[in-house]
Amino acid sequence: MPTEREQLIITKAAVFDLIEIFESNSEKDSYTVEEIKTILKAYLKEVAK
């Protein structure tokens, strides 16, 4: 089980990954709730591999 500090590092890395995903599509200024859900679900599936 990760320590509290390790969990914080993991959380920060995940947030950074998600920021990169959202910023990678420079043609898009905003996302719908459904688009965000789809992106988050795809991210979680990939991380779980």
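With helices as the sole contributors, the chain gives -25000 deg cm²/dmol at 222 nm; each DSSP H run of n ≥ 4 counts as -39500 (n - 2.57), and the sum is divided by every residue.
Computed on the chain, the Cα convex hull volume stands at 86 Å³ per residue.
If you roll a 1.4 Å probe over the heavy atoms of the protein chains, what accessible area per residue do you get for the chain, in Å²? Walk me through the intermediate numbers first.
Values: 4570 Å² over 49 residues.
With the other protein chains kept in place, the chain gives 93 Å² per residue.
Grab the other residues whose beta carbon is less than 14 angstrom from that of ALA13, score K and R as +1, D and E as -1, and report the net.
Details: positive: ARG5, LYS12; negative: GLU6, ASP17, GLU20, GLU46.
It works out to a net charge of -2.
Once the C-beta distance of ASP29 and MET1 is scaled by a Förster radius of 35 Å, the resulting FRET efficiency is 0.30 to the nearest 0.05. Putting +1 on Lys and Arg Cβ atoms and -1 on Asp and Glu Cβ atoms, find which of THR3, ILE39, SER24 reaches farthest to the positive end of the dipole of the chain. Highest projection toward the positive end goes to THR3. The share of accessible area on the chain that comes from carbon and sulfur is 61 percent, using a 1.4 angstrom probe. Roughly what angle does helix 4-23 make with the longest principal axis of the chain, taking Cα atoms, 0 to 90 degrees, to the nearest 10? Tilt of helix 4-23: around 10 degrees. The distance between label points at GLU46 and VAL15 comes to 2.0 nm (points 7 Å beyond Cα on the Cα→Cβ vector). The HN-Hα couplings worked out from phi for the stretch 24-30 by the Karplus form 6.51 cos²θ - 1.76 cosθ + 1.60 (θ = phi - 60°) are 5, 9, 6, 6, 9, 8, 8 Hz, whole numbers, x standing for Gly and Pro.
The values are calculated or read from the model by the stated rules, or taken from the named source; none is laboratory data. The model shown is predicted, which means the values in this text are computed figures rather than measured ones. When we count neighbours, we look across all protein chains shown, and the Cβ atoms used for this are built from the backbone with ideal geometry, even at glycine. Ligands, DNA and RNA are excluded from the accessible area calculation, which covers all protein heavy atoms including side chains. Shrake-Rupley method; radii C 1.70, N 1.55, O 1.52, S 1.80 Å.
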